[in-house]
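Asker: Take a look at this one; I'll ask things after.
The values are calculated or read from the model by the stated rules, or taken from the named source; none is laboratory data. Fair warning: this is a prediction, and the values are worked out from it, not measured in the lab. Positions of Cβ are generated from backbone atoms using ideal geometry, with glycine treated the same way; all protein chains shown enter the neighbour counts.
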Amino acid sequence: MLHSRSGIRIWDFPTRLFHWALAICVIGAYVSVKLGGLYMDWHVRFGLATLGLIVFRVIWGVVGPHYARFATFVRGPGAIKGYLQGGVTAAGHNPLGALSVIAMLALIGFQAVSGLFVSDDIMTQGPLYGRFDEGLSSWFSLWHHRNEWIIVGLVALHILAIVWYAVIRRRRLVGVMITGDARPHDVPPGTPPAEDGPMTWLRAIIIAAAATALVLWIRSLEIVADFSFS
C-alpha cells in the first residue's frame with residue numbers, strides 16, 4: 001500500500017536505496033583513504049561506485065517519481081524565504097533542504113569525477129590518470145584533497161539538521177528515508193503518494209544498469225602503471 005492511515009509513501013524504494021548506498025560509499029571512501037596502503041584499492045572502488053550512484057540520481061531526478069524529481073523540490077529564493085518564515089511544510093524535500101541535496105550531489109559528484117584523474121605516485125591512480133594533460137591532473141588532485149573537508153563539513157551540517165528536525169520539529173526524517181512513508185500529520189492534507197511499484201523499480205534498474213556500464217567503461221580506460229622498482 002502506498003497510502004494508508006499510518007503513512008503516505010513519499011520516498012520510492014530506488015531513491016531510498018540510493019541514499020543509503022551513497023552513505024555507505026562516502027563513509028567507505030573516507031575510511032579507506034585514511035587507512036591508506038592496500039586499502040587504497042577500496043578507496044578507488046568506493047569512488048567509482050559513488051560516481052555510478054551520482055549518475056543514477058541525476059537521471060532519476062529527471063525521470064523518477066514525483067518527490068524524487070528536481071523539478072518538484074528545487075525552488076527559488078522566494079520559496080526558501082517563505083519556508084524560513086513559517087510557510088507550509090511540503091512533502092519530500094523542503095526548499096531549504098533542497099539546497100543541501102543539490103550541494104551534496106555536486107560536491108560528492110565532483111569528488112568522484114576528480115578522483116578519476118588523481119594518482120598518489122605510489123601504488124594507486126584513477127582510471128583517467130595519464131590520459132590528459134598533467135596540469136589538469138594536478139588541478140583535480142589539488143581540489144580532490146581540498147573538497148574532502150568541504151564534504152565533511154556538509155555532512156556534519158546534514159546530520160545536525162536531522163537532529164534539529166527530530167528534537168525541535170518532531171519530524172523523523174531518518175525513519176521516512178528507511179520506510180519511505182511519512183506520517184499523515186507531517187505532510188499537507190491531500191498529499192498524494194509517490195509512485196513506487198514494479199514498473200518504477202524496472203525503470204530504476206535500467207538506469208542503474210546504464211550507470212554501471214558507464215563506470216565500467218571508464219574503469220577500462222585505465223593505463224596500467226608499472227610500480228616495479230627494477
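Asker: Test Ile80 against the criterion of being at pLDDT below 95 and among the hydrophobic types (A, V, I, L, M, F, W, C), and give yes or no.
Answerer: Yes; evaluated as a whole, the condition is true for this residue.
Asker: Residues to consider are Ala166, Ala194, Ala213; find the one that is under 23 Å from the mean Cα position of the chain (by Cα) and closer than 30 Å to Phe117 by Cα.
Answerer: Ala213
Asker: Could you tell me how many of the residues in segment 185-200 are among the hydrophobic types (A, V, I, L, M, F, W, C) and surrounded by 15 or more Cβ atoms within 10 Å (Cβ to Cβ)?
Answerer: 2
Asker: A further question follows. Taking Ala161 as meeting all but one of (1) more than 24 Å from the chain's Cα centre (by Cα); (2) within 30 Å of Gly86 (Cβ to Cβ), write down the number of the exception.
Answerer: Tallying (1) more than 24 Å from the chain's Cα centre (by Cα); (2) within 30 Å of Gly86 (Cβ to Cβ), Ala161 fails exactly one: (1).
Asker: Since Gly86 meets every condition but one in (1) closer than 27 Å to Arg183 by Cα; (2) small (Gly, Ala, Ser); (3) in contact (Cβ under 8 Å) with a residue 12 or more places away in the chain, which condition does it not meet?
Answerer: (3)
Asker: Another question, if that's okay. On the basis of being of a type in the set (A, V, I, L, M) and either in a loop (DSSP other than H, G, I, E, B) or more than 27 Å from Ser220 (Cβ to Cβ) (or both), does Ala91 make the cut?
Answerer: yes
Asker: When residues of segment 38-83 are filtered for being free of Cβ contacts under 8 Å to residues at least 60 places away in the same chain and of a type in the set (Gly, Ala, Ser), how many remain?
Answerer: Number of matching residues: 6.
Asker: Inspect segment 31-53 for any residue being surrounded by fewer than 13 Cβ atoms within 10 Å (Cβ to Cβ) and among the acidic types (Asp, Glu) and give the result as yes or no.
Answerer: yes
Asker: Something else: Can you find a residue that is over 18 Å from Asp12 (Cβ atoms), part of a helix (DSSP H, G or I) and modelled with pLDDT of 90 or more anywhere in segment 163-174?
Answerer: yes
Asker: Taking segment 1-30, which residues are buried (at least 18 other Cβ atoms within 10 Å of the Cβ), in a loop (DSSP other than H, G, I, E, B) and not hydrophobic (A, V, I, L, M, F, W, C)?
Answerer: Gly7, Asp12
Asker: For a quick check of your reading of the model, give me the residue pairs whose first member lies in segment 183-203 and is of a type in the set (Lys, Arg), whose second is assigned to a loop (DSSP other than H, G, I, E, B), with beta-carbon atoms closer than 8 Å and at least 6 apart or on different chains.
Answerer: Arg183/Ser6; Arg183/Gly7; Arg183/Arg172; Arg203/Gly64
Asker: If you don't mind, another one. Among the residues of segment 108-157, count how many are touching a strand residue (DSSP E or B) at 6+ places or on another chain (Cβ under 6 Å), surrounded by 18 or more Cβ atoms within 10 Å (Cβ to Cβ) and among the polar types (S, T, N, Q).
Answerer: Looking only at that region, the number is 1.
Asker: Inspect segment 40-61 for any residue being over 22 Å from Val174 (Cβ atoms), small (Gly, Ala, Ser), modelled with pLDDT under 95 and part of a helix (DSSP H, G or I) and give the result as yes or no.
Answerer: No - not one qualifying residue is present in segment 40-61.
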